[in-house]
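Right, one structure below, let's go through it.
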Amino acid sequence: MSDATAVKIEEIQLPEGYKPSDDEEYMNPTQRAYFRMLLLEWKQQLLQDADKTVHVMGEEKAVFADPTDRATLETDRNFELRTRDRERKLVNKIDRTIEVIKADEYGFCDACGVEIGLRRLEARPVTDLCIDCKTKEEQMEKTRRNEDDDDED
């Protein structure tokens, strides 16, 4: 796909309240612009949350006489940092997905090539597998975990 086409996706103005429909051609430019917009909004929210976390942690200078209170604060901070790390990885996946949209390859399963489907993409815009391939992947992961658990015995 040429850069000119990618620019067109970025320039598309979506009608107010637009939602992709099965009545439209699958992954037409308007649908791709819609999913690009969803991803950009999601990324913006994640980055705002990360900024808030940094700001709050920078302001916290509490001194606790009780070690239990200190431990609770540290546990909460560690949980927050793990959450932000997962979100950082998600931001990277969002960026990769936006590139897939620009390349006009969005909405099709990486494993088998079939349409992923509008509802699935709305629920999880960064998905790159159809439901059948994702189910198979999860079953294989579960099998591997069970085998690993058996090896530990």
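Amide hydrogen proximity for Phe108: with H placed 1.01 Å from N in the peptide plane, the residues at 5 or more positions away or on another chain lying under 5 Å are Ile116. Scalar couplings 3J(HN,Hα) for the range 70-78, obtained by applying the Karplus form with A = 6.51, B = -1.76, C = 1.60 to θ = phi - 60°, are 5, 5, 4, 4, 5, 4, 4, 4, 4 Hz; x denotes Gly and Pro.
For the range 61-132, run through the chymotrypsin sites (Phe, Trp or Tyr not before Pro) and keep only the ones in DSSP coil with at most 16 other Cβ atoms within 10 Å of their Cβ. Passing sites in the range 61-132 are Phe64. In a fully extended conformation the segment linking Asn78 and Ala123 would gain 13.4 nm over its present Cα-Cα distance, using 0.36 nm per residue.
Beyond 21 Å in Cα-Cα separation lie the following of the pairs Lys89/Lys134; Lys43/Lys136; Lys102/Lys134; Lys43/Lys102: Lys43/Lys136; Lys102/Lys134.
Given the choices (1) -0.81, -1.12, -1.23; (2) -0.85, -1.30, -1.47; (3) -0.92, -1.15, -1.28, log10 I(q)/I(0) by the Debye sum over Cα atoms at q = 0.15, 0.19, 0.21 Å⁻¹ derived from the coordinates of this structure is entry (3). Helix 131-152 and the longest principal axis of the Cα set of the chain meet at an angle near 30°. Result for the chain in a Gaussian network model with C-alpha springs under 10 Å: among Lys52, Lys93, Lys19, the largest mean-square fluctuation is at Lys52. For the chain, the carbon plus sulfur part of the accessible surface works out to 49%, probe radius 1.4 Å. Computed from backbone phi with θ = phi - 60° and the Karplus coefficients 6.51, -1.76 and 1.60, the 3J(HN,Hα) list for the range 16-24 is 4, x, 4, 9, x, 10, 5, 6, 8 Hz; x is used for glycine and proline.
Working note: 222 nm ellipticity from helices only, DSSP H runs with n ≥ 4, each -39,500 (n - 2.57), summed and divided by the residues of the chain, gives -23500 deg cm²/dmol to the nearest 500. The relative contact order of the chain, computed from alpha carbon pairs under 8 Å that lie at least 6 residues apart in sequence, is 24 percent. A straight line joining the Cα centroids of the range 67-83 and the range 124-149 runs 32 Å. Karplus-derived 3J(HN,Hα) values for the range 98-105, using 6.51 cos²θ - 1.76 cosθ + 1.60 with θ = phi - 60°, are 4, 5, 5, 4, 4, 7, 6, 10 Hz; glycine and proline are entered as x. Between the exposed loop cleavage positions of the chain, defined as GluC sites (Glu not before Pro) in a non-H, G, I, E, B DSSP state with at most 11 neighbouring beta-carbon atoms within 10 angstrom, the longest gap is 61-153.
The values are calculated or read from the model by the stated rules, or taken from the named source; none is laboratory data. Since we're looking at a predicted model, the values are computed, not measured. So basically every Cβ, Gly included, is an ideal-geometry build from the backbone, and we count neighbours across all protein chains shown. Just the protein is used for accessible areas: all its heavy atoms, side chains included, with ligands, DNA and RNA removed. Shrake-Rupley method; radii C 1.70, N 1.55, O 1.52, S 1.80 Å.
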